[in-house]
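The structure appears below as structure tokens.
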Amino acid sequence: MDPILVRNFAIALFIGALVGLEREKKDAPDAEHRIGGLRTFILFALAGATSAWLGQLLGTPWLFIATVLVVAAQVLAGYVILLKSHGAAGLTTEIAAVLVVLLGGLSVLGQPGIAVALGIIVSAVLAFKQSLHHLAGRIGEEDLFAGLKLLLASFIVLPLLPDRALDPFGALNPRTLWLLVILISGLSLVGYVAARLLGPNRGTSITGAVGGLVSSTAVTLSFARQSQGAEGRGREIDSRLAAALAAGILLAWTMMFLRVIVLSFVVAPTFARGLLAPMLLLAAVSAVGALLSLRAGHHRVAEQTVPLRNPFSLTAAVKVALFFAAILLLVEVVERYLPTAGIYVVAGLAGLTDTDAITLSLAQRVRDGSDIPAVRALLVAVLANTLVKGGLVAALGSRALCRQVLIPAGITLAVGVVLILGQ
């Protein structure tokens, strides 16, 4: 006996048993109307495996194809009978039966790993019916269109763009620019989806963390405004809410520092290695501040929301691409014609609004072999961004929130200055 063949048949049996057990449990209240349970699905899988093996042994694939067609005809006939007797029925179990036959055949045709993985996925899709329907219900039409636009930008627009520099300085490569936009949008989309999955009312700390993936500035602005609503309701309420909001803000800042590491690593791993220690130190300062704020709030987790919008639209993507192009061109021009200090000016100005563009621009220059002081320039950018967000808290937040946030912000700025001087 061939041990590999025995293993492959065992895998087919496992797939049939896994899907069949799920169907038997799910269809238990209506057992008389189901097309099959555990035993039937095991037989479906073994029929697919046996027919595929015999077809391979005899040199004819039609045996396996005929088996799939016979099973499909049987389940289709059962579906028609069920439809006539009940008036409405789903096709989930019927499609699962045909898939089990196909996966049984796949397991003995040299791809048992893929067969097992797909079998588990089929079982998961069947088992998580309610969760998937609930998830679909929470995806709005705007979110769906934004996701489709992101796919369009990634797989349709990107391959059509020229992969060469179009400017005299050799800095503006359309495909590279668009790829950076997709990278930013994809990472932001992860945070946005996480925020949506957690529901409209989320704990402040979780909101700050996932919101920081989308925009730490948006989290800071929203929480600073919300802190004003607690004033006048009592010193204890104001203090506890401010502590919770401060924790969320500082966690959003922590995610911003980590986001810089991720983005730079994707474009230029060498640059990311130079950033790793400084950014982790700055992230640690913000994280410690968040932890102290939580303790000051007696571990109270307030329910707050941040008005985060889906981070991708084609119009916004074009604007981001143009902003990237401007930053890349500025960095190139400054590197050629101005002293090194000019790089810091560009980084500081870019960091006032956002750290993504300057992060990717500097990473791109490092990857292209430039010897600009990229790490120091990016530290200037993130400190400028931190200064702006601290200013938002000072201008819009309650006095209690300012006490909780501005001290960690000051320490972050001081540590950043030391890091810059040490580069």
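The values are calculated or read from the model by the stated rules, or taken from the named source; none is laboratory data. Predicted model, so just to flag it, every value in this text is computed and none were measured. Glycine gets a Cβ as well: all are built from the backbone with ideal geometry, and neighbour counts include every protein chain shown. With ligands, DNA and RNA removed, areas are computed over all heavy atoms of the protein, side chains included. Shrake-Rupley method; radii C 1.70, N 1.55, O 1.52, S 1.80 Å.
Remarks
- Qualifying residue in segment 237-255 (condition: within 23 Å of the chain's Cα centre (by Cα), more than 22 Å from residue 285 (Cα to Cα) and either open to solvent by 30 Å² or more (accessible area, probe 1.4 Å) or modelled with pLDDT under 75 (or both)): no
- Residue match in segment 388-398 (condition: modelled with pLDDT under 90 and open to solvent by less than 40 Å² (accessible area, probe 1.4 Å)): yes
- Residue selected from segment 127-162 under the condition at pLDDT 85 or above and exposed (fewer than 12 other Cβ atoms within 10 Å of the Cβ), by the criterion nearest to residue 334 (Cα to Cα): 162
- If the condition is being without any contact (Cβ under 8 Å) to a residue 24 or more places away in the chain, within 15 Å of residue 110 (Cα to Cα) and open to solvent by 60 Å² or more (accessible area, probe 1.4 Å), then segment 55-71 contributes 57, 61.
Residue by residue, here is whether (1) touching a Ser or Thr at 6+ places or on another chain (Cβ under 7 Å); (2) modelled with pLDDT under 85; (3) of a type in the set (D, E, K, R); (4) part of a loop (DSSP other than H, G, I, E, B) holds:
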position: 290; (1), (2), (3), (4): yes, no, no, no
position: 325; (1), (2), (3), (4): no, yes, no, no
position: 334; (1), (2), (3), (4): no, yes, no, no
position: 353; (1), (2), (3), (4): no, yes, no, yes
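- Residues that are open to solvent by 80 Å² or more (accessible area, probe 1.4 Å) and either hydroxyl-bearing (Ser, Thr, Tyr) or over 22 Å from residue 179 (Cα atoms) (or both) do occur in segment 355-371, at least one of them.
- A single member of 103, 99, 91 is under 19 Å from residue 37 (Cα atoms) and at pLDDT below 90, and it is 91.
- Test: residue in segment 111-118 that is open to solvent by less than 70 Å² (accessible area, probe 1.4 Å) and modelled with pLDDT under 85: no
- Close contacts from segment 153-164, counting a first residue that is farther than 16 Å from residue 318 by Cβ and a second that is among the β-branched types (Val, Ile, Thr), with Cβ to Cβ under 9 Å and a gap of 6+ residues or different chains, come to 163/176.
- Neighbours by Cβ (under 6 Å, 6+ apart or cross-chain): first from segment 323-342, open to solvent by 50 Å² or more (accessible area, probe 1.4 Å); second not charged (D, E, K, R): 323/357; 329/171; 330/346; 335/372
- Flag for residue 127 being out of contact with any Asp or Glu (no Cβ under 6 Å at 6 or more places or on another chain) and not charged (D, E, K, R): no
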